[in-house]
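A.B. asks: Please read through the structure below; I'll follow up with questions.
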Amino acid sequence: GKHRIVIPCLGHFKEEYEKVSKLYMSNKIRTTRYTLLNFLPRNLFEQFHRVANVYFLFLVVLNWVPVVEAFQKEITMLPLIGVLTIIAVKDGLEDYSRYKMDKQINNLVTKVYSR
């Protein structure tokens, strides 16, 4: 049947614990969506799943066509850039608060009972 091996991280078991623990994933809690490296691409990817953002992007691209140009190219970009920036800042702050909460939970002191 299935079984598991529990090795305490104490005294003379410490070397064996370090050797075995590298084989398994840690049990740290991670509820954050982003890292510093993937924040911008992943956030933009998620934001352009919203129909409104795709519509404004379509208007920006359409305004760059000389025949269709309704008004200045830069002005059509302002609403889209503004909305994307505000949502990115909001998502970043929410993710940072999740990171702080995860760090607090992962560093809690626990009691281990043994016979």
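A.B. asks: When the range 56-115 is examined, which residues are found to be touching a Phe, Trp or Tyr at 6+ places or on another chain (Cβ under 6 Å) and modelled with pLDDT of 95 or more?
C.D. replies: 95
A.B. asks: Here's a follow-up. Would you check which residues across the range 21-36 are among the β-branched types (Val, Ile, Thr) and without any contact (Cβ under 8 Å) to a residue 12 or more places away in the chain and list them?
C.D. replies: 35, the sole residue that qualifies.
A.B. asks: Hey, another quick one. How many residues does the range 1-18 contain that are open to solvent by 60 Å² or more (accessible area, probe 1.4 Å) and either among the β-branched types (Val, Ile, Thr) or at pLDDT 90 or above (or both)?
C.D. replies: Total satisfying the criteria: 2.
A.B. asks: Right, next: Which residue pairs have Cβ atoms under 7 Å apart, sit 6 or more places apart or on different chains, and have a first residue in the range 59-83 that is of a type in the set (D, E, K, R) and a second that is outside any helix (DSSP H, G or I)?
C.D. replies: What qualifies is 73/64.
A.B. asks: Report, by residue number, each residue of the range 58-104 that is over 27 Å from residue 40 (Cβ atoms) and surrounded by 11 or more Cβ atoms within 10 Å (Cβ to Cβ).
C.D. replies: 69
A.B. asks: Also, I was wondering about something else. Of all residues in the range 19-53 being under 27 Å from residue 108 (Cα atoms) and in a helix (DSSP H, G or I), which is modelled with the highest pLDDT?
C.D. replies: Applying the filter and picking the extreme gives 19.
A.B. asks: Do we have residue 38 as of a type outside the set (A, V, I, L, M) and over 12 Å from the mean Cα position of the chain (by Cα) here?
C.D. replies: no
The values are calculated or read from the model by the stated rules, or taken from the named source; none is laboratory data. Predicted model, so just to flag it, every value in this text is computed and none were measured. Note that each Cβ is placed from the backbone with ideal geometry, even for glycine, and that neighbours are counted across all protein chains shown. Only protein heavy atoms, including side chains, enter the accessible area calculation; ligands, DNA and RNA are left aside. Shrake-Rupley method; radii C 1.70, N 1.55, O 1.52, S 1.80 Å.
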